[in-house]
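In what follows, a single structure is set out as structure tokens and then discussed.
FYI, it's all coordinate maths here, none of it is from the lab. Here the structure is a predicted model, which means the values were calculated and not measured. Here the Cβ is made from the backbone with ideal geometry for all residues, glycine too, and neighbour counts use every protein chain on show.
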Amino acid sequence: MERPYLARQPAWRSFGVRRAAALAIAGAAVLTACAFLPGRLSAFNSQVSSFAALSPGDRVLRGARGVDVDTGIFKLARHVIPPGASYYVVTGPGVSVSTPVTYAAASALGALYLLPRIQVNDPRLARYVISYGGDLGALGIRTGRTWTYEPGLEIAEVLR
């Protein structure tokens, strides 16, 4: 018994609509990329250039500003606290912040930005205390000279 012959459609006819749609989509994607990519690359390039122009210390400060840390107190601390001296960072509600992460970031910023100064975990071992909204009186230490950056942001020398 012979099988009946079924004529097949040519392959180019069955894929014609699909190919046309795919080419149209690919063409639209290429045109969109050509229109918007140069502007995006230019903006990205200017951001990279401005970041590269910063000193390493300013790069660290820029990251801290992203979590709402007032970096001015740490710039002051860099001038007040001598290299190699120990310091303690106390945080608290004495300054308004947008998120509680700011307090942790302030302490971490000190550890990175103030090198080669040494951050300690006990205020009695420190020669200086940086208060980021903290209560210096509650630490149980005697303080001497105090430098105030803004209300709630201050540096105090610890008396022995």
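Using the crude model of +1 on Lys and Arg Cβ and -1 on Asp and Glu Cβ, and no other charge, please compute the dipole size for the chain relative to its Cα centre, in debye to 20.
So the magnitude is around 780 debye.
Given H placed 1.01 Å from N in the peptide plane, which residues other than close sequence neighbours of Ile118 have an amide H under 5 Å from its amide H?
Distant-sequence amide H within range of Ile118: Gly84, Ala85, Ser86, Tyr87.
How big is the range 49-134 along each principal axis, measuring the range of its Cα positions in Å and listing the largest first?
44, 30, 17
In a Gaussian network model over the chain where Cα atoms closer than 10 Å are linked, find which of Leu136, Leu112, Leu41 has the largest mean-square fluctuation.
Leu41
For the range 114-158, what is the Kirkwood estimate of the hydrodynamic radius, computed as the reciprocal of the mean inverse distance between distinct Cα atoms, to one decimal in Å?
About 10.9 Å, per the Kirkwood formula over Cα pairs.
Residues with amide H under 5 Å of Thr143's amide H, sequence separation 5 or more or different chain, H placed in the peptide plane at 1.01 Å from N; which?
Those qualifying (amide H under 5 Å, at least 5 residues apart or on another chain) are Leu159.
For Cα Rg over 2.2 N^0.38 Å, the listed values are (i) 0.98; (ii) 2.05; (iii) 1.76; which was obtained by calculation from the structure presented?
Here Cα Rg over 2.2 N^0.38 Å agrees with entry (ii).
Of the options Pro83, Ser107, Val17, report the single residue whose Cα projects farthest towards the positive end of the charge dipole of the chain (beta-carbon charges: Lys, Arg +1; Asp, Glu -1).
It is Val17.
Going by amide H atoms built from the backbone, whose H comes under 5 Å of the H on Tyr132, apart from near neighbours?
Val90, Thr91, Gly92
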